[in-house]
1. Only four residue types carry charge here, +1 at the Cβ of Lys and Arg and -1 at the Cβ of Asp and Glu. Report the dipole size of the range 286-430 about the Cα centre in Debye, rounded to the nearest 20.
2. Using modelled amide H (1.01 Å from N, peptide plane; none on Pro or chain starts), what sits under 5 Å from the amide H of Thr143, excluding residues fewer than 5 places away?
3. If contacts are Cα pairs under 8 angstrom and at least 6 residues apart, what is the relative contact order of the chain in percent?
4. Report ³J(HN,Hα) in whole Hz for each residue of the range 169-186, in order, from the Karplus equation J = 6.51 cos²θ - 1.76 cosθ + 1.60 where θ = phi - 60°; Gly and Pro get x.
5. Looking at the range 286-430 from every direction and averaging, what is the projected area of its Cα convex hull in nm²?
6. Nearest 0.05, what FRET efficiency do Arg227 and Ile26 give at R0 = 35 Å with Cβ-Cβ as r?
7. Along Cα→Cβ, 7 Å out, is where each label goes; now give me the distance between the ones at Gln177 and Glu271 in nm to one decimal.
8. Modelled label-to-label distance, Asp199 and Glu77, 7 Å Cα→beta-carbon offset: nm?
Amino acid sequence: MIGKNILPKGLFGRALLILVLPTVLIQMVMAYIFFSRHWDNVTRYMSHALSGEMVFLTSQLRTMPPEYHTRMIADFEMATGIAVFREPANAFSGSFASQDFPEFRARLASLLHAPFTVRRISDDALIEVRIAFDDYTLRLLVTVKRLESRTTIIYLSWMMGVSVLFLIIAVLFLRNQIRPINRLAEAADDFGRGMDSPDFRPGGAREVRKAARAFIVMKERIFRQVRTRTEMLASISHDLRTPLTRMKLQLAMLADSDAARELKDDVQQMEHMIQEYLDFVRGEGGEEASQTALDALLADVVEDYRRLKADVRLAARAPVQAAIKVSAFRRMLHNVIDNALRYGKRCEVSLVKSVNYCEILVDDEGEGIPQEKREEVFRPFSRLDASRNLKSAGVGLGLTIARDIAQAHGGSITLDTSPKAGLRVRIRLPL
Ligand SMILES: Nc1ncnc2c1ncn2[C@@H]1O[C@H](COP(=O)(O)OP(=O)(O)O)[C@@H](O)[C@H]1O
Ligand SMILES: [Mg+2]
């Protein structure tokens with residue numbers, strides 16, 4: 001439940017997490033274990049040493065005759081680096097209750113047998129210890145370094161610094177590993193939209209290169225198959241045109257009879273079919289996409305139909321700009337609207353815009369297509385029973401072409417039930 005949204009989605013983020021998290025955790029645990037022990041020991045040794053020196057001085061001062069004191073203090077200062085001052089007895093006040101250096105304090109308390117105070121002074125650079133004697137106060141100053149080790153901070157900052165440095169290097173290297181995967185994904189995506197990506201080269205780690213090479217081989221095989229198929233269909237259609245033209249000429253010279261009229265109709269229908277085959281073969285034919293006002297294009301297409309007295313209406317029209325292969329796009333619209341007029345009655349076209357896509361909806365008031373047949377009609381040459389009896393019907397390539405074109409734009413085309421009871425064709429384009 002948790003995690004699903006928190007965990008990174010990308011390979012980069014995941015790899016980083018898998019590699020970095022354990023490393024950081026191990027470092028933290030190790031540092032903690034090491035320092036909690038090390039730190040305790042160091043503090044104890046330092047407290048013992050410093051308190052020992054101070055206790056030694058006070059016991060010497062107590063037992064030795066006063067004439068030796070000055071000399072003794074001088075020697076002590078020299079040997080230990082602790083500055084010693086003698087101040088009047090009333091300079092002592094045990095009032096500041098600082099909590100610093102508990103270990104050191106405890107040690108002094110158990111050995112000194114005299115009132116004392118400990119505090120930090122001079123911005124924490126020095127420790128001041130005052131010890132009360134009967135006739136004067138001893139004031140001892142020593143650097144804080146005698147009780148506090150700096151190694152923790154230094155070690156930790158080294159650890160952090162080096163970790164960050166290596167992390168940055170790891171991130172850079174990882175980036176370079178992810179890039180070829182992204183490029184492969186983009187090439188596959190382009191291929192899906194019918195665009196070739198000629199400058200795509202396998203790169204990166206061995207596995208990625210292998211996948212990229214497999215992709216290139218697959219792509220070339222598909223291209224080859226498509227080319228063979230379309231070339232065959234194109235040459236058949238093309239070759240059929242010549243005898244058909246001859247037949248038309250001969251029919252024109254025939255006397256006007258019912259038989260001749262029927263033959264003429266058949267020839268015309270064959271011509272129409274061949275035109276459709278050729279359209280299909282041409283596909284969207286490497287046309288370049290250009291930024292186009294989709295709403296204006298749609299209005300234009302609808303206007304063409306109205307001029308031919310077809311019952312087509314433009315219902316809604318959002319302003320949409322998109323990269324479009326204009327003549328292919330027109331062909332798609334014609335195929336869908338032709339269907340609506342042929343198999344339905346009235347046709348209504350609308351263009352609606354959403355956040356990251358737009359939709360062209362083509363509704364009619366015909367019979368519609370039953371749910372289970374809605375995928376079937378997109379297959380080449382597939383027509384439903386009812387349309388086989390219609391003389392004017394096509395060869396079953398219209399929706400196939402329309403889908404090819406929609407997909408060549410990175411979009412999709414699906415069938416639905418229209419609110420007007422007929423069929424709704426939904427063409428969706430990413431923006
Ligand atoms: N608007 C529609 N209403 C009902 N049936 C339709 C509609 N559009 C298409 N069809 C069905 O889908 C089949 C395939 O359409 P299409 O690919 O355009 O081929 P064609 O129009 O050449 O028959 C048509 O034969 C028809 O049976
Ligand atoms: Mg059609």
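All of the numbers you see were taken from the coordinates with simple rules; none came from a lab. The shown structure was predicted, so the numbers you read here are calculated from the model rather than taken from an experiment. As a convention, Cβ positions derive from the backbone with ideal geometry for all residues, glycine included, and neighbour counts pool all protein chains shown.
1. Its charge dipole is roughly 240 debye.
2. Ile127
3. Relative contact order of the chain: 10 percent.
4. Result, rounded to whole Hz: 4, 4, 4, 4, 5, 5, 3, 5, 6, 6, 4, x, 5, 4, 5, 4, 4, 5.
5. 8.4 nm²
6. 0.05
7. Here the modelled spin labels are 6.6 nm apart.
8. Spacing of the two 7 Å Cα→Cβ label points: 7.9 nm.
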